[in-house]
Structure formats: structure tokens, C-alpha cells
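First the structure, in the form of C-alpha cells, and then the observations on it.
The values are calculated or read from the model by the stated rules, or taken from the named source; none is laboratory data. A quick note: this is a predicted structure, and the numbers were derived from the prediction, not measured. So basically every Cβ, Gly included, is an ideal-geometry build from the backbone, and we count neighbours across all protein chains shown.
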């Protein structure tokens, strides 16, 4: 089973369980959810695809903007 979550359709400030709060992307201005991995590039995910596998769920961004680390640190 596959599903697509489009965060651009949600209002700014909406809370998405397991993902975070919907914010305006500092790069493109569309709504999305910020991710800040300890290793790797921070990004604002606008849409992601989830696939239910026999051993768990695979979630991959299908539309995202890479962000400089300085743009998401307060």
C-alpha cells in the first residue's frame, strides 16, 4: 500500500503527527515540514510518499527544498 502526504495543502501551523509543524519554506515560500538531521542536509519537505512493506514503512520525500543549516537554527 502506498500513500502520498502533500504538506503544501495544509495550513501553516498545522501539526502533523510524527512529522512536525507545517511552516512556510524559507527557500520557495510553499508550506512544508522542516527536517534537521544530525548528519546530512536540512530540508523542508513539501510532499512525501509512504509505502507499507512487510517489515515496516518506507517514507521518502518526493518534493523538498534543501536548506542551509543557518536558515533553520534559531
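Some points to look at:
- Any strands (runs of 3 or more DSSP E) falling wholly within segment 1-54 and containing at least 2 residues that are more than 9 Å from the chain's Cα centre (by Cα) and under 16 Å from residue 67 (Cβ atoms): 20-24
- Considering segment 1-19, the residues that are within 29 Å of residue 55 (Cα to Cα) and exposed (fewer than 10 other Cβ atoms within 10 Å of the Cβ) include one that is modelled with the lowest pLDDT, namely 1.
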